[in-house]
1. In nm, what is the difference between 0.36 nm times the number of residues separating residue 188 and residue 153 and their Cα-Cα distance?
2. Where does the stretch 160-206 land on Rg(C-alpha)/(2.2 N^0.38 Å)?
3. So for the pair residue 113, residue 85, with labels modelled 7 Å out along Cα→Cβ, what separation do we get in nm?
4. Fewest first, what order do 207, 124 take by the number of other Cβ atoms within 10 Å?
5. Over 18 Å, how big is the tail of the calculated P(r) for the stretch 86-202, in percent of all Cα pairs?
6. How would you rank 135, 114, going from fewest to most other Cβ atoms within 10 Å of each one's own Cβ?
Amino acid sequence: MVACGTIATPVPNMETLEARNQHSDVVTEPTGVVAVAQQATSTPTPAPTSTPTSTPTEAPTVEPTVEPTQEATEAVVAVPAMELSMEEEQHIIFIQEFGSVARGQTIFNTTYEVNTASGLAEWKCATCHAVDSDVAGVGPGLYSLSDRAGGRIPGMPAELYVYYSITIPAQHIVSGYPENLMPIGYSQIFSPQDIYDVAAYVLSLNK
């Protein structure tokens, strides 16, 4: 200490300077502990996540309801059955239940001497009527007669129409054919059973 009362600054020597330099090197040199601590404590920045773009849902398309066009149809008028006598009902039952198709075919193809508008002559049904088609010959084709006979006379059943066509041929003449073409005497030479059998045969042709 000097006489003025202040503390004198010591003069550094070589040993002091070397000690300072060594201390400075130790303090300033980073240690591995610090680096590890910083690395461990560093919070990783999360990678940005891509938010999926939501596609707007399309509203369901409502198709307009198309009302079916109602086409004009032909009116079907039901024709009531004609009032039949007990005898006519019996004819129908006998043709349906007791008519022999095989025997009727034989009679159909057999020649008979029968009364016509011009007198007696030999005739057979097969001479004038085709049975394998509806093509008209001397008389109408009979192949689909079962489908047509029921509509020839409104309300008259097919069996009765055929029965009268054989026994009273001039009563129901098909349009386009002359009168008195078919022999009128079959009811005289045929028995009732013969007529039932022939009727059953011609009504079975397309079945």
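1. So the extension gain works out to 10.1 nm.
2. Normalised Rg, Cα atoms only: 1.16.
3. 3.2
4. Ranked by crowding around the Cβ, least crowded first: 207, 124.
5. Of the Cα pairs, 48 percent sit more than 18 Å apart.
6. Numbers: 135 9, 114 19.
Exposure proxy ranking, most exposed first: 135, 114.
FYI, it's all coordinate maths here, none of it is from the lab. Everything numeric in this text was worked out from a predicted model, so none of it was measured. Every residue, glycine among them, receives a Cβ derived from its backbone with ideal geometry; neighbour counts consider all protein chains shown.
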